[in-house]
Every structure is written in structure tokens, then in C-alpha cells.
Amino acid sequence: MAKAPRVLGIVLAGGEGKRLMPLTGDRAKPAVPFGGSYRLIDFVLSNLVNAGYRNLCVLTQYKSHSLDRHVTLTWRMSTLLGNFVTCVPAQQRLGPQWYQGSADAIYQSMNLINDHKPDVIVVFGADHVYRMDASQMVQAHLERGNGVTVAGIRVPRVEATEFGVIKTGPDGHSIEEFLEKPADPPGLPDSPDETFASMGNYVFSADVLVEALRKDAANPASRHDMGGDIVPMLVAEGKAGVYDFKDNDVPGALDRDRSYWRDVGSLDSYHEAHMDLVSIQPVFNLYNSDWPIFTSHPQLPGAKFTDDATVGESIVCQGSIVSGATVEHSVLGSNVIVSAGAFIERAVIMDNCKIGANAVLKNVILDKNVIVPDGVEIGVDPDHDRERGFTVSKGGVTVLGKGQVIDPPKAAAPSDESEDEVAKA
């Protein structure tokens, strides 16, 4: 029997996430909560662990405290079996500079590769929502003898101008060109109206990656980026292939959520991805016990609904109480309290928020620890939201940062008639 390859997983989790502000005002992008119970990084780590890869290094940089804490407390593997998930911060091992790009992050962490001595290195991003069996991609990589294999997702050509796009050879799996946001994306040999967009997930033969990183580090003109520099270098050398995400068969996947992948890099896509979770037949099914998404859960009782509360097509997490309110098509995190008469629709509400009586929330994202006073309306009038200092996305979603203070509604000024009545009294 052939010996199984030794695989090291490297998760790139240093993303600053500027387009997700204010959600990234106090945390790295991979640490942003998602789906009520999870952090974004839980998806990639669950995919790799479920695939059998349990030697994982998470490279961090920006605002990494909450990310480090989450990984350390949640992702505890069996040391008896030599398994580990460990955060690796920028350490300036090669000089007085922080990571200059994703490729430089790995180059500056070359000690991880030297210590582990892998045959294959799986390099995945940390801020996408999806399920994927990485072992199937590794197998395809080994069978085709590639130096690098890039995960590609099929997207309509007309929608691909905002992605890194893969032009394949006639065989459909070798890469002829790697194009950054092309005006005219190339079609696929078997589907001319579709093209491959890069998912930001790569499988490398270890020796090929190490040599490419050394060449890149010596190139002063390089941006030191995995997708922008390393992959095009290997494409030019004829060592690159694409793995069709459509071929990935995840246990328990439904027809509706098979091949689901969402880049939640903007506030609108983050909000839309949450809406994908909550329908009766969700676009992305969190309830797949054959391929679970792992995380740590707070020690709280189950959610409670009182006083004729109405909750439809929503996820409500532990410790939350909805009392005499209406919640529709929303995701509520842990320990959220919703008071009587409140109306919540298409909302993402994170842990420890308090929603006052008769408040109205529509198309909103509330980060943790936000207190909404009685009678306040958010998301109803985007212009008014902007006047109050709230962030409003291009798609009209109102977003409040962690612990952001909301002023109570102003009392209506008395009318002339009421003033006359007071004077008479």
C-alpha cells in the first residue's frame, strides 16, 4: 500500500477586512461572527478537519486577539495523535517588517514547513462560507502531477469581471492563464457561458511552493501575493491546474446547497449570506450532521419564546428570549433579548444585544452588545440612519458596530392646542 502523503494545512487569516467595517473595527475579518454561533474561520477549519487534515497553522496579523482566543479555546486537537491547530502571528523572523502579502506570510513562516516536512501543503483562505472536502482536491492534485492546484468555482461569464479568473487549456483542467478581474472572461471548454473564478484555495507540492516563495521573495517588483504572484509564476512554468469545485462531493450535501460558496467580503454579501441560511429549504444548510461546522458554544439555556412571540424562518441561538415580539427571516445570536411589540425583519443580530419594546429593525446588522432603546426604528429610513452616524451599505443595509450607542427617540414637541389646554388648566 502506498504511503499517504504528509499534509500540512496553512490557513491565511491575516485579512484586515476594510470593506466589512465597522464589523472589523475591533477584530480580524476571519474572527467576524457568522450564523449566530460561529466565526468565519470555523468554516475553513471544519472543512480541513472533516477532510482528515489535523496539522493546521493559522497565520494571523491584524487585530488578531479575538481570533487567537477563539482558535485557542475552541480548536483543541488530540496531542496524543500529533494533531494541532495553532495560531502563528507575524514574528519578523526575516527582518524588521510585517507580512507584505499572503505569499510573504508563508515565506516568513518557512520554519513551519521545515519543521513539519510535508509532501503537500494545503493553503486555504479563512473568510469564506462553504463546505468542501479538501482531500478530494489533494487527490486530484496528486493524480495530475501538478505543482499547484487552484480551486475554481463555475460562475456566469457576465458576473466574473470582479474575480480572479482561470483560463484553462482544452483539457479543462490545466491552467493557461490567470486573469485578475478581466473585462472579457474566457469561457470553459465544456460550458462557454461559464468561467472559473478562483476560490482562493490552493494545494501545492511542498518543494514547488518553497522554490516559488524563494523566487518571489527575491523579486522586488512582486506584491508577494499568492493569487497575484505565486500562482501566475507557476502558470507560466506549466505547473498549474484547476480543481472544479462542482466535482467535490461532500457527505450530506443537498441539491440546493451543493457547490455553495460565498465570499463575505462586503457588508451586503455578509448580510445576503445570512439570508441564505434561514429559509425552510436553505440555500446553505447549517444542519448537515454528516459534515458539521464546529465551534464552541456558550453555557446558556435554550432559546425561549413568550407572550405569543412570532418567529418565522429564523435562527435563534442559546440564551435568547423573544417576548411578545415578531422576528422574521433573521439570525439572532446568543443572549439576545427582544422586548414586547418589537418587529425584526431580515436582521443579523449578534450576541448580547437588547432590543427595546416596539422597536423596528429591518435590513440591519447589529454587532455585539448593542442596546436598542424602546420605540427606535433602524433600517426603515437609510437617510435618517446616516444622519445618526450609522453605516449604510451600498445595498441599503444599516450596520452598527460593537457596543455602538443609540439615542432614544425624541419626544414629540407639544402642539399649540395642547399648550393652550395646559395654560387654561
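Worth a mention:
- Per-residue ³J(HN,Hα) for the stretch 168-174, Karplus 6.51 cos²θ - 1.76 cosθ + 1.60, θ = phi - 60°, Hz, x for Gly and Pro: 8, x, x, 6, x, 10, 7
- Of the trypsin sites (Lys or Arg not before Pro) in the stretch 1-103, those whose Cβ has at most 16 other Cβ within 10 Å and which sit in DSSP loop: Lys3, Arg6, Arg76, Arg93
- Straight-distance crosslink candidates among lysines, where the alpha carbon sits under 18 Å from Lys215 and sequence neighbours closer than 8 are dropped: Lys239
- The chain - mean residue ellipticity at 222 nm from DSSP helices (-39,500 (n - 2.57) per run, n ≥ 4, rounded to 500): -5500 deg cm²/dmol
- Near-label residues of the stretch 101-138 by backbone N, under 20 Å of a point 7 Å along Cα→Cβ of Glu211: 103-104, 106-108, 110-111, 113-115, 117-123
- For the stretch 1-129, lysine pairs with C-alpha atoms less than 25 angstrom apart, excluding pairs fewer than eight positions apart on the same chain, total 4.
- Nonpolar atom fraction for the chain, defined as the carbon and sulfur part of the 1.4 Å probe accessible area, stands at 49 percent.
- The stretch 47-69 and the stretch 140-215 have their alpha-carbon centroids 25 Å apart.
- Couplings for the stretch 313-328, taken from phi via the Karplus curve 6.51 cos²θ - 1.76 cosθ + 1.60 with θ = phi - 60°, read 6, 9, 10, 10, 8, 4, x, 7, 10, 10, 10, x, 10, 10, 10, 10 Hz in order; Gly and Pro are left as x.
- Think of a 1.4 Å ball rolled over the protein heavy atoms: the chain then has 46 Å² of accessible area per residue.
- Within the chain: Cβ-based charge dipole about Cα centre, in debye rounded to nearest 20 (Lys, Arg +1; Asp, Glu -1): 1700
The values are calculated or read from the model by the stated rules, or taken from the named source; none is laboratory data. This is a predicted model, so every value here is computed, not measured. Reconstructed Cβ throughout: ideal geometry from the backbone, glycine too, with neighbour counts over all protein chains shown. Ligands, DNA and RNA are stripped out before the accessible areas are found, and what is left, the full protein with its side chains, is counted by its heavy atoms. Shrake-Rupley method; radii C 1.70, N 1.55, O 1.52, S 1.80 Å.
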